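J.: Structure in structure tokens, see below.
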Amino acid sequence: MEWTRVRRVLIALLVLAAAPAGWMLWSLHSLFSTPDPPDLRALTKAPATVEARRAAEQDTGGRIARLPELLPWAERLGMSTVDVCWTEVERASFGRAYWTPPGCERTVTLYLALDTTDIRTRLADLDRYLDAEGWQSDDYQWKSLIAADDYAHSPGGDPSPERLAEAAARPIAPSVRYRQPSAGARTALSVDVSQTTRPLNVSTGEDTWYAEHGTRNHRNDDRARAEYLTWQPLRPMEVLKPAGGRYVAVLGFSTRYAQEEWQP
């Protein structure tokens with residue numbers, strides 16, 4: 001009888017000791033585990049998102065439709081469109097991982113061959129077009145394509161003949177990022193100009209994950225979630241072949257159209 005009583009006491013003590021240990025293990029698991037991701041599919045179907053996406057599509061479509069009139073000397077070579085909503089895992093130095101606020105972005109990349117024998121004249125024409133459309137440079141070093149080209153060909157603080165010759169021989173390939181300062185505007189524009197005989201430093205609309213898993217329209221793994229609403233990328237060196245060594249301007253319109261603070 002005495003042994004039975006002792007055994008019961010020991011079991012009770014073990015239970016009491018196991019409870020804090022179990023609570024600690026559960027707390028550690030909760031602290032370092034990744035929570036459930038936001039519901040991207042609900043975000044893409046939300047009326048506010050659908051309306052914002054339609055507005056982004058109409059805005060960029062209208063800008064591109066005006067280009068033949070505003071830039072009659074530019075030959076359209078092709079266009080890519082990637083429209084995706086996504087969230088991804090971020091891991092803090094201490095504590096649990098978390099999903100970034102979901103967002104959606106529509107990127108339209110337009111490739112234009114420039115009909116010119118004087119590329120500097122066309123850069124000035126592009127600057128006038130960008131200014132008339134309300135774009136402002138987002139780069140602190142230069143405010144226009146002409147200014148970016150001037151900077152690229154500057155010899156810096158060394159006016160020696162060798163340095164001047166080296167600077168003058170650099171290729172003409174300005175690259176400037178723009179934004180519109182109006183309240184609520186969420187569209188950015190990248191403009192890259194270069195000859196097709198050298199690599200273009202542009203965003204191509206390619207996505208390594210989707211390129212590999214292109215038969216799906218969503219990504220669902222432990223690192224990211226993505227819903228691809230439109231996927232029509234172009235490989236630059238293929239679309240640029242008709243340019244035949246001419247200068248090419250690549251215009252990339254990117255619009256964030258979903259509220260980052262949205263919650264399902």
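Readers should treat all values here as calculations from the given coordinates under stated rules, not as data from a laboratory. Nothing here was measured: the structure is a model prediction, and the numbers come from that model. Note that each Cβ is placed from the backbone with ideal geometry, even for glycine, and that neighbours are counted across all protein chains shown.
J.: How do Arg106, Arg223, Arg63 line up, fewest other C-beta atoms within 10 Å first?
T.: By the 10 Å Cβ count, ascending: Arg223, Arg63, Arg106.
J.: Given the options Ala113, Gln136, Val89, identify the residue whose Cα lies farthest towards the positive end of the charge dipole of the stretch 85-136 (+1 on Cβ of Lys, Arg; -1 on Cβ of Asp, Glu).
T.: With unit charges placed on the Cβ atoms, the residue in question is Val89.
J.: If you don't mind, there's one more thing I want to ask. What order do you get for Ser80, Ser190, Ser154, Ser160 when you list them from fewest to most C-beta neighbours inside 10 Å? Display every interim value, and only then the final one.
T.: Details: Ser80 22, Ser190 19, Ser154 12, Ser160 9.
Ascending Cβ contact count within 10 Å gives the list Ser160, Ser154, Ser190, Ser80.
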